[in-house]
Amino acid sequence: MSERTFARKYRTLIGVPPAETVKRLRADTARHHLRTSTLPLKTVAAKCGFGSVEQMNRVHLKFYGLTSRTLRDIG
């Protein structure tokens, strides 16, 4: 099966593209690390596959409406 066919079938079945699912999983994993560790934001971003803290912030704002620092502060 081609990548394009997979992506189309995945979106039909799940309702979102595969890349969106990956972003959500990264965001959820990062949120967990932010709440349960004292790792620097840069380290959390790298561990979760984000290219930068800014990229992680954009994804957190999209999914949760909060920045990474705010997610950490509210625990």
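Any read-out appearing in this document is the output of simple, stated calculations on the displayed coordinates, not a laboratory observation. It should be emphasised that the depicted structure is a prediction, and the values quoted were computed from it without experimental measurement. Here Cβ is always computed from backbone atoms with ideal geometry, including for glycine, and neighbour counts include all displayed protein chains.
Remark: pairs (first residue in region 19-38, free of Cβ contacts under 8 Å to residues at least 40 places away in the same chain and closer than 16 Å to Asn57 by Cβ; second residue part of a loop (DSSP other than H, G, I, E, B) and among the charged types (D, E, K, R); Cβ separation under 7 Å; 6+ apart in sequence or on different chains) are absent. Quick check on region 39-57. Is at least one of its residues within 10 Å of the chain's Cα centre (by Cα) and surrounded by fewer than 19 Cβ atoms within 10 Å (Cβ to Cβ)? Yes: one or more hits.
Criterion applied to Phe50, Phe63 was being in contact with a helix residue (DSSP H, G or I) (Cβ under 6 Å, 6 or more places away or on another chain), in a loop (DSSP other than H, G, I, E, B), in contact (Cβ under 8 Å) with a residue 12 or more places away in the chain and not acidic (Asp, Glu), and the one residue passing it is Phe50.
Restricting the search to region 11-30, which residues are assigned to a helix (DSSP H, G or I) and farther than 26 Å from Ala45 by Cβ?
Pass one, region 11-30, residues assigned to a helix (DSSP H, G or I): 11-14, 18-30.
Of everything in region 11-30, those that are assigned to a helix (DSSP H, G or I) and farther than 26 Å from Ala45 by Cβ turn out to be Arg11, Thr12, Leu13.
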